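Input: one structure, supplied below.
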Amino acid sequence: MRLMNQSKYLPCASLKQWEEAGASVLDTLKGYTDLCLNLSPKSFGDTEKPGDIGKKFDTSLEVISKQMLNLTFTLVRTRNRLASSLCRLPEEILSAIFMNAVFESSHSGGSHSTSIEQDICLIYRRLYVLLGVCSTWRDVIMAEGVFWSLIPMVVNWSSQKQAPLELILQRAKGNRLHLVATDNSPDASENIIKFLTKYGSRLHTINLSSSKHHLIKEAIERLMDQDAAGSLVSLAIRSTEISNDSGWQSSGGDYVIHRGYRYQESFINLIGALKVLRIQGVRFHWDTMVFSSRLVNLHIENITLGYDDEIYPFLRALSSASELRDLKIINVYTSYLPHSVLNSEVSPPVVFPTLQSLHVQVIFFNTLKSLLPMIATGSHRLSLFLESECLYNNWRDSDDGFGPDEPEIFVDIISLCQVLEQASVDTLVLERTMGEDWLKGSGIHKLLQATPALKTLKMHSWNFNKDTWSNLTPDWTSGSFPMIEVLELTNATIVADEGFREMVASHPLRRVVLGASTAATPRYSAPRKPLQEDSDVVTWMRENVPDFCLVDSRYVPSEMKGDIWGLW
């Protein structure tokens with residue numbers, strides 16, 4: 001590895017010259033000082049005017065002061081450069097440290113979500129802070145084009161300006177590029193297409209968010225024209241134009257790739273080169289999609305498939321990614337088909353042999369009932385995020401004789417539990433939305449009985465009283481119950497803590513996250529007092545839980561933040 005600042009290992013001759021020059025400077029300064037002290041009016045002839053003498057001294061004072069200041073600054077900077085432990089690090093290690101400092105995720109677990117624009121501003125702010133520390137750090141950052149490989153084609157939300165792309169591209173040198181683009185300015189669509197046309201073959205990752213469906217289609221075409229399959233490994237595309245609100249299928253024009261598309265083969269090659277694919281609100285004909293063994297991370301969000309029987313071909317397409325490790329299915333909608341025979345009853349489950357993590361979030365009961373049994377049981381960890389939709393069937397409101405007035409739109413907790421019993425749930429997330437207690441009475445207890453393999457339970461915005469604590473406590477006389485190891489209760493309202501300690505003691509908890517307020521009643525208008533470090537509950541938890549974390553009473557975990565489209 002190439003060491004930085006090799007001048008700190010000064011050859012003996014150079015060091016000797018520096019020492020001799022320093023001694024000579026000191027001798028000269030001493031002699032000059034003595035001469036100044038010995039000057040008197042008798043030292044000047046009659047031809048010297050007092051004003052001229054003063055100007056000579058002023059000039060000498062100015063020159064010497066500047067030179068001494070420059071000498072002092074140079075000595076200090078050289079001393080710091082040669083003595084600093086950072087400057088003795090290999091350049092590759094120092095560069096790696098800076099990479100972590102600049103590109104570390106900005107989501108610190110606070111209650112406020114950040115936009116892509118804010119994330120980009122934070123990254124470049126960190127970069128320019130490092131540039132200004134010292135010349136050594138600046139040299140490292142300017143020498144490594146990778147620090148400038150993030151190309152932000154977004155308008156800064158505060159300054160309403162776009163980053164200087166030409167300067168960033170110049171500093172990025174020949175490195176692969178990471179494009180983040182949104183169409184939040186009048187010329188954005190045209191500029192994005194021009195950029196893809198010119199630099200598409202250099203792109204390593206793309207994050208495109210657009211309110212214009214045609215821009216997404218044209219962007220993908222430009223990538224295929226540029227043969228981006230040779231360099232592109234991560235693609236994130238988000239459409240905010242299409243409303244995927246659990247409704248029915250869209251028109252054929254809404255699909256990114258329509259059937260019989262002339263770019264079909266090129267598109268399959270492009271998708272097949274990816275390691276990471278994230279899509280939100282973008283429609284595909286899933287029966288035409290073919291992935292490759294390279295794909296390891298797949299995120300699918302906010303799409304409508306059709307009727308329930310479309311789940312099976314959807315999963316079959318996903319399983320073509322034979323090395324898939326992480327799969328997220330969020331807000332995927334199907335319409336309830338009453339009295340139908342599900343594919344899961346006549347077809348073998350779809351196998352994902354290398355899957356490590358499966359996250360399923362906020363889907364209706366009919367979709368959940370079709371989805372979970374169709375995924376073969378494996379060693380993967382299943383994280384299930386449920387809201388009130390899980391107790392409803394998603395009906396197609398049409399002229400076919402069935403609609404929202406049909407009695408089958410509502411589902412009881414027993415039916416939900418029967419579906420969950422078929423899966424091995426590792427993490428369960430329950431969110432109470434719009435002030436709705438959709439799990440009433442013993443509903444939470446029954447849900448936990450249906451998930452005996454559960455290790456992590458997260459509950460957000462719930463009210464807790466004696467009955468709630470009791471429902472979270474195992475009752476071995478009524479059947480199986482999970483032994484929870486991680487418990488997160490956030491934005492909670494504690495109406496009564498009676499039974500809380502008993503609940504905590506009944507589980508082998510190794511970590512608890514608590515963000516809550518106390519109130520006399522669960523009513524929204526009731527005064528609330530946030531838990532503090534000196535609260536009795538907090539003191540007791542610190543004494544009885546190995547890893548306890550008290551967070552702000554309004555803390556919102558990242559998975560609860562709703563429509564957040566991440567930078568990475």
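Report, in listed order, any pair from K173/K212; K328/K458; K369/K458; K369/K466; K446/K466; K446/K529 with a Cα-Cα distance greater than 27 Å.
K173/K212; K369/K466; K446/K529
A follow-up question, please. Given the peptides 513-521, 55-63, 168-176, arrange them by the average over their residues of other C-beta atoms within 10 Å, most packed first. Could the numbers behind the result be given before it?
Numbers: 513-521: 18.2, 55-63: 10.7, 168-176: 15.0.
Output ranking for 513-521, 55-63, 168-176: 513-521, 168-176, 55-63.
Which whole-Hz ³J(HN,Hα) couplings does segment 123-138 yield from phi under the Karplus relation 6.51 cos²θ - 1.76 cosθ + 1.60, θ = phi - 60°, glycine and proline marked x?
4, 6, 5, 4, 4, 6, 5, 5, 4, x, 6, 6, 5, 4, 5, 4
Can you give the extra length, in nm with one decimal, that the chain gains between S322 and T78 once fully stretched, where that is 0.36 nm per residue apart less the Cα-Cα distance?
Numbers: separation 244, 0.36 × 244 = 87.84 nm, distance 5.64 nm.
Gain in length upon complete extension: 82.2 nm.
Counting Lys and Arg as +1 and Asp and Glu as -1, what is the net charge of the other residues whose Cβ lies under 10 Å from the Cβ of D426? Could the numbers behind the result be given before it?
Details: positive: R381, K455; negative: none.
Counting the neighbours of D426, the net charge comes to +2.
For the chain, with the dipole built from +1 on Lys and Arg beta-carbon atoms and -1 on Asp and Glu ones, taken about the Cα centre, which of P186, L29, V129 lies farthest toward the positive end?
The Cα lying farthest towards the positive end belongs to L29.
For every helix of n ≥ 4 consecutive DSSP H residues, a contribution of -39,500 (n - 2.57) applies; sum these over the chain, divide by its total residues, and give [θ] at 222 nm rounded to the nearest 500 deg cm²/dmol.
Working: 17 runs with 199 residues, N = 568.
One gets -11000 deg cm²/dmol as the mean residue ellipticity at 222 nm.
Percent relative contact order of the chain, based on C-alpha pairs within less than 8 angstrom and at least six residues apart? Before the final figure, lay out each step's value.
On the way: 951 pairs, mean separation 43.0, N = 568.
Relative contact order comes out at 8 percent.
Related question: If amide hydrogens are placed 1.01 Å from N in the peptide plane, which non-local residues have theirs closer than 5 Å to the one on V350?
Sorted by chain and number, the residues that satisfy this are I375, A376.
Each value in this text was obtained by applying a stated rule to the coordinates, not by laboratory testing. Predicted model, so just to flag it, every value in this text is computed and none were measured. Cβ: placed from backbone, ideal geometry, glycine included. Neighbour counts: every protein chain shown.
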